[in-house]
Amino acid sequence: MQLRLEDFRKGDKTAPDHKRVMAEGNSAKNNRGLSLVLGCGDVGFEVASRLRERGLAVAVVEKDAGKVEALRLTAGHDAHRGDFRSPEVLKQAGISQAEVVILTVPDFTIIRQTLEAISQLKKELGINPSVIALVKHEMEAVEVKRLGASEVVPLAQTIADAIVNKLGKAKVHLVLKNSS
């Protein structure tokens with residue numbers, strides 16, 4: 001069963017896999033670099049948790065103090081409180097060790113400001129992590145890539161694809177059910 005952000009918001013320490021997650025901590029099971037997740041709403045939490053389940057080292061930056069505390073204490077994440085548009089906050093979170101930075105807040109202004117900070121740090125620190133950005137619509141993708149994202153995930157199209165895919169599977173299931 002998956003860990004869910006809502007379990008941690010409620011302070012549910014009996015959430016599935018809680019003891020296993022706490023025991024594992026945030027150690028990488030292989031020598032891959034850090035995955036730095038920026039923003040820990042539902043999407044950011046899910047991404048961070050799935051990466052941890054795969055044995056990757058993950059750090060999260062979130063501005064909400066309550067979420068940061070829950071991420072640290074209940075989910076065992078390496079969580080940092082702050083505004084990830086700030087180069088100093090990104091440094092403290094470990095961007096110099098990051099193999100990938102995942103920006104999960106699909107607000108164009110925040111994306112632009114964050115990519116500017118990351119670009120500054122790439123030059124200053126001599127680093128080159130991949131940057132994946134979540135955007136609201138595909139039409140923002142070209143500009144976000146121009147601003148420095150390596151990959152872009154358009155939220156509206158990704159959700160629509162998932163729904164259509166599920167619909168296709170449901171129709172196949174109905175056809176098979178009706179033919180038997």
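A few remarks follow.
- Within segment 93-108, the set of residues being of a type in the set (A, V, I, L, M) and in a helix (DSSP H, G or I) comprises Ala93, Ile95.
- Tally of residues being in a helix (DSSP H, G or I), surrounded by 14 or more Cβ atoms within 10 Å (Cβ to Cβ) and in contact with a helix residue (DSSP H, G or I) (Cβ under 6 Å, 6 or more places away or on another chain) across segment 30-74: 2
- Some residue of segment 88-98 being surrounded by 19 or more Cβ atoms within 10 Å (Cβ to Cβ) and free of Cβ contacts under 8 Å to residues at least 40 places away in the same chain: no
- Qualifying residue in segment 124-138 (condition: assigned to a helix (DSSP H, G or I), at pLDDT below 95, under 18 Å from Gly41 (Cβ atoms) and not aromatic (Phe, Trp, Tyr)): no
- Conditions (1) in contact with a Lys or Arg (Cβ under 7 Å, 6 or more places away or on another chain); (2) surrounded by 14 or more Cβ atoms within 10 Å (Cβ to Cβ); number of the one not met by Asn128: (2)
- In segment 22-70, the residues that are at pLDDT below 95, of a type in the set (S, T, N, Q) and under 14 Å from the mean Cα position of the chain (by Cα): Ser49
- Residue check, Glu116 among the acidic types (Asp, Glu), part of a helix (DSSP H, G or I) and surrounded by fewer than 16 Cβ atoms within 10 Å (Cβ to Cβ): yes
Conditions (1) buried (at least 16 other Cβ atoms within 10 Å of the Cβ); (2) charged (D, E, K, R), marked per residue:
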| position | (1), (2) |
| --- | --- |
| Asp107 | no, yes |
| Gln120 | no, no |
| Glu124 | no, yes |
| Val142 | no, no |
| Ala149 | yes, no |
| Val153 | yes, no |
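The values are calculated or read from the model by the stated rules, or taken from the named source; none is laboratory data. Please read these numbers as outputs of a predicted model, since none were measured by experiment. In this analysis, Cβ positions are derived from the backbone assuming ideal geometry, glycine residues included, and neighbour counts consider all displayed protein chains.
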